[in-house]
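Worksheet for the structure shown next.
The values are calculated or read from the model by the stated rules, or taken from the named source; none is laboratory data. Nothing here was measured: the structure is a model prediction, and the numbers come from that model. Note that we place each Cβ from the backbone using ideal geometry, even for glycine, and neighbour counts take in every protein chain shown. Just the protein is used for accessible areas: all its heavy atoms, side chains included, with ligands, DNA and RNA removed. Shrake-Rupley method; radii C 1.70, N 1.55, O 1.52, S 1.80 Å.
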Amino acid sequence: MTQRLKLTENICYMLGIYECSNKDRISVTSSDNELIAKFSKLALEDFKEEPNRILMESDGELTTAFFYHSKLKKNFDRALDRKEHIFKYKNAYSGNYFAAIFDCNGGVDRKGAYIRDLDKGDAMILERFGIHTEIGKKAHLINQNAFVTLIREYSLKIASIIH
């Protein structure tokens, strides 16, 4: 890896996954096998990880896929420190980033679509895009259509909120 992270749509998706993780390693925890497969594919193809370095843990209900890469982790941390500059436009980069966050921590309940544990910086970026959230443990999306438009092409989970 070079000094700076060269952004692509896939790297922005992985940044969104990393934003939702515990930051000790690059990981995703989900019951959605499609998300685990996408994470593994990105690690293999975009980050050139060896297949034996991508580790899996399962407790029967949730699966965690992860790998360790200290240089990449530092680059991700630097990128997330600058996320308000990186994701200042509604484009494929920000769409992938928020699609990954929704795929990891999003869902639908009786009040509509939400994102669990939404970072305040991410909520501010969404506000700039005209996507309002009702902050709490679950940040409910007030105008879901604008959010769906942003992530529609990139999210694995979006079909669950499109009626």
- Could you work out the helix-only [θ] at 222 nm for the chain, with each DSSP H run of four or more residues adding -39,500 (n - 2.57) and the total divided by the number of residues, to the nearest 500 deg cm²/dmol? -13000 deg cm²/dmol
- Item | Furthest towards positive pole of dipole, 121, 135, 102, structure part region 98-146, Cβ charges | 135
- A chain fully extended from residue 146 to residue 57 at 0.36 nm per residue, minus the present Cα-Cα distance, gains in nm 28.5 nm
- Message: So if I place +1 on the C-beta of Lys and Arg and -1 on the C-beta of Asp and Glu, and nothing else carries charge, what would the dipole magnitude of the chain be about its Cα centre? I want it in debye, nearest 20.
- Response: 540
- Query: Given springs between every Cα pair under 10 Å in a Gaussian network model of the chain, which of 78, 110, 25 has the largest fluctuation?
  - Reply: 110
- State the cysteines of the chain left without a partner when partners are defined as other cysteines whose beta carbon lies under 4.7 Å away. 12
- Express in whole angstrom the spacing between the alpha-carbon centres of region 46-116 and region 128-142. 19
- Query: Size of the dipole of region 19-100 about the Cα centre, Lys and Arg at +1 and Asp and Glu at -1 on the beta carbon, nothing else charged, in debye to 20?
  - Reply: 560
- Message: Please identify the DSSP H helices in the chain that span no less than 15 Å along the helix axis (Cα) and have a mean Kyte-Doolittle hydropathy of 0.0 or more.
- Response: 9-20, 33-45, 92-105
- Query: Accessible area per residue of the chain at 1.4 Å probe, in Å²?
  - Reply: 54
- Query: Quick one: if you stick a label point 7 Å off each Cα along the C-beta vector at residue 84 and residue 25, how many nm between them?
  - Reply: 3.3
- How many percent of the accessible area of region 24-86 is carbon or sulfur, using a 1.4 Å probe? 46
- With springs only between Cα atoms under 10 Å apart, run a GNM on the chain and tell me which of 68, 93, 13 wobbles the most. 68
